[in-house]
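The values are calculated or read from the model by the stated rules, or taken from the named source; none is laboratory data. The model shown is predicted, which means the values in this text are computed figures rather than measured ones. FYI the Cβ positions are ideal-geometry reconstructions off the backbone, even for glycines, and counts take in every protein chain you see. Quick note on the areas: whole protein, heavy atoms, side chains included, nothing else; ligands and nucleic acids left out. Shrake-Rupley method; radii C 1.70, N 1.55, O 1.52, S 1.80 Å.
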Amino acid sequence: MDEHGQSIGILIVATDVSAQVQNRLEKEHLDRQLMLAVASSGIGTWYIQPDTKALRYNDNLAKIYGYEAETNMTYDQAIGQVTEDYRPLIVTAIEEAIASGGDYDITFQQLRFNDGKLIWLRSIGRIVQDENGEHSIFSGVVIDVTAQKHEEQRKNDFISMVSHELKTPLTSMGGYIQILLSKAEQTNNPFATNVLAKANNQVKKMNTLINGFLNVSRLDSGNIHMEKTSFDIADLLKEIEEETLDTVLSHRIFFEPVVKAFIYADRNKIAQVINNLISNAVKYGPIGTTVTIRVHTTENTVQVSVQDLGRGIKSEDQLKVFDRFYRVESDQIGMVSGFGIGLYLCAEIINLHHGRIWVESESDKGSTFYFSLPLEK
Ligand code: ADP
């Protein structure tokens, strides 16, 4: 290469190097800005070396955990502060996230180091590559959610208290209506019989609502009681069919034939799930349309589905409808009464039975809710 060519070569290299330097400076600047933003937000950050479990963290995390910034907390110390209920869950979640490279998102309770106070933390993390793209590192953020948790607790306590208080007078009212109803039937008074039967239905509806709230607060405090027995799901569906055909007149409810299938579960709670799915199908399906209930048995599981021809649920909402108090935003939702707890309770009940619940749906075509449970061995 001649002298001229060489100088061009050097120039290109120099331009390349200066572009790299420029990029690096820009990246460092952005990193510094990000660190400042994280520091002022109070968010804790952590990095765990997957093999050695060496832990690094920022000053915010030290403060959240109740340490002076310069104190050195080890991974084992950090895990040791978590309450016994949550410790195994956290260790498993970390191991799983490291092994699978999946996301880690867990809310747990732990003792603060300096004053032993119980606090709630939410920790979110994932496996990322280090700056050279060579080694994986498990890193994430932690936020103190104690205030939100206490707020939630107060709300739950309030709901539970109000529900308990409403239950007693409602039970008496139901009793009086029953007495009047049988009197009206005996004295052959069709008008009073009709009106009282309607009043009785309203009391039943209100009872279901209140029980829903009570169940939510019991679930939150881990006090939900399961009474598992062995029973035939075909029998249960027969009962539900008779009850539904008696009470729902606005839609065509079609129960496909069911073969015997025994499960070991809480019969009333499984009935509650099926009734809830049917009442949603009726609530969200136009009057006069068909709701179909099917049961499908495989070698190990029984699957129940409830199909409606309603307005459907968009894919982005299909997982969220099982969240507590979640209601899909739409023009019509204001007209349909509800609190967004029915499907949450269904999902919790099915999870407590080691089953699965999901929905398949297409906008304006309808939805099919499914749940499956293990068959009794
Ligand atoms: P609620 O019906 O009391 O609001 P749910 O927990 O039973 O509460 O349901 C949550 C939300 O999911 C509902 O508000 C509704 O938007 C949506 N949803 C439930 N079932 C259906 C259905 N069959 N078709 C369309 N949307 C439904």
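Listed values, structure above:
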| item | result |
| --- | --- |
| Where GluC sites (Glu not before Pro) fall in DSSP loop in the range 37-121, at most 16 other Cβ within 10 Å | Glu68, Glu70, Glu84 |
| Net charge of Cβ neighbours under 10 Å - reference Ser337; Lys, Arg +1; Asp, Glu -1 | +2 |
| Mean Cβ neighbour count within 10 Å, used as a protection proxy, ranking 139-150, 72-83 highest first | 139-150, 72-83 |
| Between helix 190-220 and the chain: long-axis angle, C-alpha atoms, 0 to 90°, nearest 10 | 30 |
| Whole-percent carbon and sulfur share, accessible surface of the chain, 1.4 Å | 55 |
| Dipole in debye (nearest 20) - the chain, about Cα centre, beta carbon charges: Lys, Arg +1; Asp, Glu -1 | 1780 |
| Angle in degrees between helix 233-247 and the longest Cα principal axis of the chain, rounded to the nearest 10 | 60 |
| ³J(HN,Hα), Karplus 6.51/-1.76/1.60, whole Hz, each residue of the range 20-26, x for Gly, Pro | 5, 4, 4, 4, 5, 4, 5 |
| Cβ-based charge dipole, the range 82-180, positive-most Cα from Ile94, Tyr176, Ile137 | Tyr176 |
| Relative packing of 44-51, 343-350, 255-262, which averages over residues the other C-beta atoms within 10 Å, highest first | 343-350, 44-51, 255-262 |
| Computed label-point distance, nm, for sites Val21 and Glu299 using a 7 Å Cα→Cβ extension | 6.8 |
| Computed E for Glu256/Glu329 - FRET, C-beta separation, R0 30 angstrom, nearest 0.05 | 0.35 |
| Accessible solvent surface per residue of the range 188-315, calculated while the other protein chains remain in place, 1.4 angstrom probe, Å² | 55 |
| Linear extension gain, Arg218 paired with Val145, 0.36 nm per residue minus alpha-carbon span | 24.1 nm |
| Tyr47-Met226 FRET efficiency (beta carbon distance; Förster radius 41 Å; 0.05 resolution) | 0.50 |
| Lys, Arg +1 and Asp, Glu -1 on Cβ, resulting dipole of the range 325-377 about Cα centre, debye, nearest 20 | 220 |
| Residue of Lys314, Lys204, Lys27 that the Gaussian network model of the chain assigns the largest fluctuation, springs spanning Cα pairs under 10 Å | Lys27 |
| Projected area averaged over orientations for the range 215-338, convex hull of C-alpha atoms, nm² | 9.0 |
| Hydrodynamic radius by Kirkwood, which averages 1/r over all alpha carbon pairs of the range 65-215, in angstrom | 20.4 |
| Quarter of the Cα convex hull surface for the chain, i.e. its orientation-mean projected area (nm²) | 30.8 |
| Computed Kirkwood radius, in angstrom, where 1/r is averaged over Cα pairs of the range 165-224 | 12.8 |
| Charge dipole of the range 38-84 about the Cα centre (unit charges at C-beta), most positive-ward option of Ile43, Tyr65, Gly80 | Ile43 |
| Dipole magnitude of the range 239-300 about its Cα centre (Cβ charges: Lys, Arg +1; Asp, Glu -1), debye to nearest 20 | 200 |
| Per-pair calculated FRET efficiency, R0 = 35 Å: Lys155 and Arg87 via Cβ, rounded to 0.05 | 0.80 |
| Dipole of the range 259-377, positive end: most advanced residue of Trp358, Gln303, Ala281 [Cβ charges, Cα centre] | Gln303 |
| Listed residue pairs exceeding 18 Å between alpha carbons, taken from Lys238/Lys269; Lys53/Lys117; Lys167/Lys204; Lys117/Lys149 | Lys53/Lys117 |
| The range 234-263-the range 144-177 distance, computed between alpha-carbon centres (Å) | 32 |
